[in-house]
Amino acid sequence: GYYTPEGLEYAGERYGLFAHLRRLGFDSFRVATDREPRGHRLRVFGVAARAEHLLVECVLERRHLGADEYLYVHWLTLRNPLARFHTERPRLPGQEVPGLGLAREAGELLARIADRLELAGVLLRPAWFHTALQARHMGMRFLDAARQGRFEAMLRDLSHVPLRDLTLAVAEGRVRMNGAPYQWEADVMVSAPAGADSAGDEGNAEVAAERGRVGFELG
């Protein structure tokens, strides 16, 4: 209810997103906003080879967590329908087409939106391991300290496994934690405003304790 399609188009130009999309072969961008059952939906379309393609789709809503209100990301997809999967850019779970290479920029824009709306930060619930990894690169962490500890332990123990192999192994239940089959925990991740520590000393101690308690391996 705050941004107009025209304002979002201006932001796309100002922050260089449309320039990046032009380098990928798209032009004549169109931004559409509407409501769907989960919240507000934003879509960005671009034209290539005389056809219009969906490039970005995002569904957002305001959501309370305790006394604070956050920007909750129900859905975010960054699509490059002109690209093809290959050995160095393999298909990941949940992907129909390769991404746009804009995950970090999208995370920064979501953080700016939350700040502009005077919200406490951004929330999302990653359905896949690689989505959580992208969110981590955007400065997000699991809200639950023990869950964050298990995630860090997985990154520590399985860092030698290529991303595609690891995210497939997690999705297919081929990862073991302390010898038992591990099922991916799609819990809430949170970003706090710049300079804030969302965990605090007590939370960080719990993260460290859980990280030391568990070990991961491929089954």
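The values are calculated or read from the model by the stated rules, or taken from the named source; none is laboratory data. Quick caveat, the model's predicted, so the values are computed rather than measured. Positions of Cβ are generated from backbone atoms using ideal geometry, with glycine treated the same way; all protein chains shown enter the neighbour counts. We work out accessible area using only protein heavy atoms, side chains counted, and drop any ligands, DNA or RNA first. Shrake-Rupley method; radii C 1.70, N 1.55, O 1.52, S 1.80 Å.
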| task | Restricting attention to the range 21-57, report how many residues are closer than 21 Å to residue 108 by Cβ, open to solvent by 40 Å² or more (accessible area, probe 1.4 Å), outside any strand (DSSP E or B) and touching a residue at least 12 places away in the same chain (Cβ under 8 Å). | result | 1
| residue 163 is checked against (1) touching a His at 6+ places or on another chain (Cβ under 8 Å); (2) under 20 Å from residue 73 (Cα atoms) and fails just one. What number does that condition carry? | (2)
| query | Within the range 16-32, how many residues are of a type outside the set (Val, Ile, Thr) and touching a helix residue (DSSP H, G or I) at 6+ places or on another chain (Cβ under 7 Å)? | reply | 4
| remark: Counting only residues that are within 17 Å of residue 128 (Cβ to Cβ) and open to solvent by 40 Å² or more (accessible area, probe 1.4 Å), the range 156-167 contains a total of 4
| field | Failed criterion for residue 156 (all others in (1) under 18 Å from the mean Cα position of the chain (by Cα); (2) under 30 Å from residue 215 (Cβ atoms) hold) | value | (1)
